[in-house]
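The values are calculated or read from the model by the stated rules, or taken from the named source; none is laboratory data. Computed from a predicted structure; not experimentally measured. FYI the Cβ positions are ideal-geometry reconstructions off the backbone, even for glycines, and counts take in every protein chain you see. What goes into the accessible areas is simple: the full protein's heavy atoms, side chains included, and nothing from ligands, DNA or RNA. Shrake-Rupley method; radii C 1.70, N 1.55, O 1.52, S 1.80 Å.
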Amino acid sequence: MRTSPLTAAQAGLVNCETCGLLSQPASAAEPGYCPRCGMALEWRRPRSIQTTWALVTAAAICYIPANLLPVLGTTTLGSTEYDTIMGGVVFLYTTGSWPLALIVLIASVMVPLGKLVALSYLLITVQRGSIRSNRERTRLYRMVEIIGRWSMLDVFVDTFTVALVQLKPLMSIQPGPGVAFFAAVVVLTMIAASTFDPRLIWDAGVDKEFRNA
């Protein structure tokens, strides 16, 4: 007995990922193009799991130097100090700016790590054919996509800070190598979220249901 609604693929239809229109594919091998927006139709994104895993792994590797290397170097009267992300958080907290420290901690440390964990969780559950919490996992994927659009905020803040605070010879700020790795983490996780096909979340449940029918 079926417990899940009929999917578009089971009905012989394919949905356009751009405009969402369900349409009849030209053939099983080559679905063709969307009649409304003209985009190429795909049953599923090709090599979605492999590509997403590669990007998530690369982002996880870049996450380590992004947090260990300095992101800003401040030169004051000939003395230069370098700060990592966590060093900046501790400095802000100890100087009484705990709300700003909390924002930096969430935006620069917890959010990138959370995106990596969320994408890894989605990939593992899809590969294991999990049929549990499909709606929650779909919401989690949407959240990762939405947050990813704002993840470059820290890089922009660093860039503007460097551009504005140049009071030579009294004070100057230079970006550290950690910024490049942090930007790489953000970009790689954004691309990883776009290469993951959320329809795979529902495919496993449908396949198991058909096998058990």
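Below is a table of values for the structure above.
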quantity	calculated
Residue that is nearest to Asp197 (Cα to Cα) [pool: residues in region 46-61 that are free of Cβ contacts under 8 Å to residues at least 12 places away in the same chain and assigned to a helix (DSSP H, G or I)]	Gln50
Listing of helices (runs of 4 or more DSSP H) fully contained in region 62-181 that carry 2 or more residues being closer than 30 Å to Ile49 by Cα, modelled with pLDDT of 85 or more and open to solvent by 70 Å² or more (accessible area, probe 1.4 Å)	111-127, 134-148
Extreme residue, modelled with the highest pLDDT, among residues of region 182-196 that are closer than 15 Å to Ala60 by Cβ and open to solvent by 40 Å² or more (accessible area, probe 1.4 Å)	Ile191
